[in-house]
1. Report, by residue number, each residue of region 222-259 that is among the β-branched types (Val, Ile, Thr) and farther than 14 Å from Leu292 by Cβ.
2. Open to solvent by less than 80 Å² (accessible area, probe 1.4 Å), under 19 Å from Thr331 (Cα atoms) and either outside any helix (DSSP H, G or I) or modelled with pLDDT of 70 or more (or both): does that describe Gln408?
3. Check whether at least one residue in region 104-121 is open to solvent by 100 Å² or more (accessible area, probe 1.4 Å), at pLDDT 70 or above and under 30 Å from Glu246 (Cα atoms), and report yes or no.
4. Can you name the residue in region 335-359 that is among the small types (Gly, Ala, Ser) and part of a helix (DSSP H, G or I) and is also surrounded by the most Cβ atoms within 10 Å (Cβ to Cβ) among such residues?
5. Taking the criterion of being of a type in the set (Lys, Arg) and in contact with an Asp or Glu (Cβ under 7 Å, 6 or more places away or on another chain), would at least one residue in region 132-142 satisfy it?
6. Check Asp290, Asp325 and return the single one that is modelled with pLDDT under 90 and not small (Gly, Ala, Ser).
7. Just to verify a result, which residue in region 266-284, among those that are open to solvent by 80 Å² or more (accessible area, probe 1.4 Å) and assigned to a helix (DSSP H, G or I), is nearest to Pro351 (Cα to Cα)?
8. Output the number of residues of region 419-431 satisfying the condition of being open to solvent by 80 Å² or more (accessible area, probe 1.4 Å) and either modelled with pLDDT under 85 or in contact with a helix residue (DSSP H, G or I) (Cβ under 8 Å, 6 or more places away or on another chain) (or both).
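The values are calculated or read from the model by the stated rules, or taken from the named source; none is laboratory data. The model shown is predicted, which means the values in this text are computed figures rather than measured ones. Note: ideal-geometry Cβ built from the backbone for every residue, glycine included; neighbour counts use all protein chains shown. When the accessible area is computed, the model is the full protein with side chains, heavy atoms only, and any ligands, DNA or RNA have been set aside. Shrake-Rupley method; radii C 1.70, N 1.55, O 1.52, S 1.80 Å.
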Amino acid sequence: MEKLNKEALANARKSIAARFSETSHLDDLDSYRNLVQKQLVSADSKLNVAVQGKLDALKRAVDLMDESASKLNQFTKNMAWINDRINQTCTSISNYEHLRKVHHARENLNKVISQVDFFGRVPERIAVLRQLLDSEPFHIKDVFVEAISHDALRQALLKEIKAANVGKRKSVVDNSNDVMSPKRRSTANANADADANLVRIKQVVENHLSIVPQLLKDIRARLWDNLERIWSLCAESPADIVVTFEILEMYQEYITRRADQARQRAERLGSDPEVAYKLSYENITGEAHDRLKRKFDEKVESTFVLMQSAAVEGSGGASGGEQKDSQVTITLNAATQMLTLMSSFRHEIVPCVPESYAPMTLFLDALDNYLVPEILQLVDTSTSEGISSLDVGDVIQLIDWLEYYIGQMDIIDQNDRESIEKFTTIAEELLNEYLDRIKHQVMEWFTNIKNQTTEIVVNNDGTLFTAKPEDMFNVLHMQMAVATGRSCHVVM
């Protein structure tokens, strides 16, 4: 306290010295004194309030301690009485051999009753889940998780029934040589009754809980339906496709876990573990992969045929003055639309499908499987004419489109595909064919120009000139313009 007083006195002196450092500041002495007196009264009031609060808290603490002491005394007496009764009970129970098992029997009965009640309500709960699935399909994941849980419990219950019934079978203990002794016949009859009882119990339970696997079957059908509608769902509701693949992954994990358990159980029983594993295993994700591949194949084929048919109809409707599109133009138009489909696939569907399914590879495989034969048919070298049967314009279009396709694959880092190698080879063959034709055409034109009658004109300065060199250079310029302007032929 003395230390605090000294510190307060020192602070007061510093404050006064700072405020009245000059003689002129003494005029403010009265106002400063009034201010200090007000602060003193305020501080004294706050201290009184704080001290009173501490005193009240201390009083409440003392009261609580007194009250707690009396309650603790009473609690101690109660515990001592309970301890005496427990000792008396233990002494009494020890006099009865089977009485100590009553508690465990009661717990087991309560568990059995609870489980019977749970399994008895399973059809009712599954009906609720089915109604939820029909009315609010976006809850399919929640319904699936609960359905899987019920199915796991159903499988465990059937195993327990079988294990319990096998435990009840009576073993043959008669060692006599008479296999038809009364004791052995009684045991055989008991075993036959146990087997019949097992069959009846399993049949009743399976019939009662058959609604569970049926719900899982319906959920799987909805998942396959979502994959069938993957193009429209990814555009309208991509979350449904994402949830579909999440459920498929969980379903596959559940089936794999069951198969592993079957393998371990077979190892314990001395059976073939691999056979047990194969009987319990089902490749759900593999089936989903196959369905995706089939769907992409169908989409590519139907889109290509549709675009090609539309191009053929448009070309067939041309007027008499218009030239109909060639087969090359029609095919390349449809092929370009397929590349547009690839772009939308990359931005809409690929983000919704897990990488483990390799969706882009599946789609490009489908595209190549249909597109490569179509392009090869246009430049079929097995015929007598082959590439030479194509018009120059068709050759240019094919070269431009093949380069465009290779560039698109390079953009998406797919330039190592087998189709790229084939198209590169075709483009080189077409370019060689184009250059050979241009060479022969230019030489033919040069010959025609050379064979024309030479018209010599006298210039103003008296020099002589002819138009043949200019015609030859015009031919070269025209071919160079066609060659350098091939990009304008790309079908878009």
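1. Hits for region 222-259 are Val242, Val243, Ile247, Ile255, Thr256.
2. When the stated conditions are applied, Gln408 passes them.
3. There is at least one residue in region 104-121 that is open to solvent by 100 Å² or more (accessible area, probe 1.4 Å), at pLDDT 70 or above and under 30 Å from Glu246 (Cα atoms).
4. The extreme case among them is Ala335.
5. Yes, region 132-142 contains a residue that is of a type in the set (Lys, Arg) and in contact with an Asp or Glu (Cβ under 7 Å, 6 or more places away or on another chain).
6. Just a single option satisfies the conditions, and that option is Asp325.
7. Across region 266-284, the extreme among qualifying residues is Lys278.
8. 2
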